[in-house]
Ligand SMILES: [Zn+2]
């Protein structure tokens, strides 16, 4: 039996090309009535050949065979109309659907295969701009790991060529103004932000598929792999995000400002379990939360009797959490925090992947911890069991807001250099494909 890939690469493009020849024959029959008889025979033979090859691809979905008996009585323009109706209403949509489905199922194409398909789509489907763009995008996704740079360029070309109306139709979930190439300056990360090593393209992903995608980001993301430390980083990141990082200042809760947020009860229970795990390694009660998110951890830590300090980069988030939990929140970059008071516990849930200088972030965490203090952190792991099983379909690849992407093997040496020893490693209960590490600051 033919594999999907063979179906995709040979049968369908070949059948589209044959349909093109049939349409040329119809045009010829119209232009030269003397040749119409011979042309009609060629058309009938061609239609039979296309149907015989196409129908077995998916018999239950195949269109009814063309009424070739009718063709014999047609003349001139009627022949062209007969062929056009057959192509645009019956066989064309069927072939396209089969092609699209093969593409969706097939995991990776080589660069050569992807290039051939892209050329074929551009050549054969000039009249179907929306379909063509969808298919090109799919082709880009199908070589995300095997030809990452080509894949990224293809996905960027497709989205760059979309009008605001096309974007609205295809990606109604995009937030921000319609995406326009060059509208938001992007910074190219020319070397690994973790160790300064040289990077090579590793995998591309379509960030535009994420429901929280904002047009500030490039719709496609190119992950680079550092040849030195083995960790990944994004090639491009919005410049304005890289400029964040003001000097810390304390935001007090606004008296009388009542804030209510949607609460995830499951998250509260998970944090309680995590804090109990931490408690097994330290009796200390002072806790610094880096990156407050929705404030769930802080709320649970307060309930469990911890003396909590919280720091958050984004002012809006910081103030809302301050008001919500009636607790002062430090707004600013935690790299700039004073080191005059050390704590027993630091929690960094899903923070590391957002830092421009992650190794410095870990060293800062060590500086802010007492000797023997505990660091808990979670971050996506591109070699996690989940990601290895999902391959390019792990949505974490598409995450627009992440700058770096670590593996267990790539992260542990950084933690060691920062002065930590690993106490416990586990698969995250909160996010698929993330790892959670419990670490102790070594005595100096
Ligand atoms: Zn590196």
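Between residue 385 and residue 273, what's the calculated FRET efficiency when r is the beta-carbon distance and R0 is 25 Å? Round to 0.05.
Values: r = 20 Å, r/R0 = 0.80.
FRET efficiency, residue 385 to residue 273: 0.80.
Two decimals, Cα atoms only, Kirkwood Rh: what is Rg/Rh over the chain? Before the final figure, lay out each step's value.
On the way: Rg = 28.8 Å, Rh = 25.4 Å.
Computed over Cα atoms, the ratio is 1.13.
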Completion exercise
Of all DSSP beta bridges having both residues in the chain, the percent classed as antiparallel (nearest 5) is 65
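If r is the Cβ-Cβ distance from residue 6 to residue 157 and R0 is 35 Å, what FRET efficiency results, to the nearest 0.05?
That gives a FRET efficiency of 0.85.
Given 4 °C and 1.567 mPa s, compute D for the stretch 1-83 with the Stokes-Einstein relation, Rh being the Kirkwood radius over Cα pairs; round to the nearest whole µm²/s.
Translational diffusion coefficient: 95 µm²/s.
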Handout entry: Computed log₁₀ I(q)/I(0) - Debye formula, equal Cα scatterers, no solvent, the stretch 290-444, q 0.08, 0.12, 0.20 Å⁻¹
Key = -0.23, -0.52, -1.39
Problem - Label point at residue 49 placed 7 Å out along Cα→Cβ; residues across the stretch 68-94 whose backbone nitrogen lies under 11 Å - result: none
Practice task
Take every Cα pair under 8 Å in the chain that's 6+ residues apart, average their separations, divide by the length, and report that relative contact order as a whole percent.
Solution key: 11
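Go ahead and estimate [θ] at 222 nm for the chain from helices alone: -39,500 (n - 2.57) per DSSP H run with n ≥ 4, summed, over the residue count, rounded to 500. Could you put the intermediate results ahead of the total?
Values: 16 runs with 178 residues, N = 444.
Theoretical 222 nm ellipticity from helices: -12000 deg cm²/dmol.
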Completion exercise
Simple spin-label estimate for residue 246/residue 423, 7 Å along Cα→Cβ, in nm, reads 3.5
Exercise for the section: Describe numerically, in nm with one decimal, the distance between label points set 7 Å from Cα along Cα→Cβ at residue 183 and at residue 88. Expected result: 3.2
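How much length would be gained if the chain were fully extended between residue 370 and residue 60, taking 0.36 nm per residue of separation minus their Cα-Cα distance, in nm to one decimal?
Working: separation 310, 0.36 × 310 = 111.60 nm, distance 6.86 nm.
Contour length minus Cα-Cα distance gives 104.7 nm.
If you wrap a convex hull around the alpha carbons of the stretch 1-154, what volume per residue comes out, as a whole number of Å³? Don't skip to the answer; put the middle values down first.
Details: hull volume 16.5 nm³, N = 154.
Value for the stretch 1-154: 107 Å³ per residue.
We did not get these values from a lab; they are worked out from the coordinates using the rules stated. Given the structure is predicted, the values throughout are model-derived calculations rather than measurements. Cβ sites come from the backbone with ideal geometry, for glycine too, and all protein chains shown count toward neighbours.
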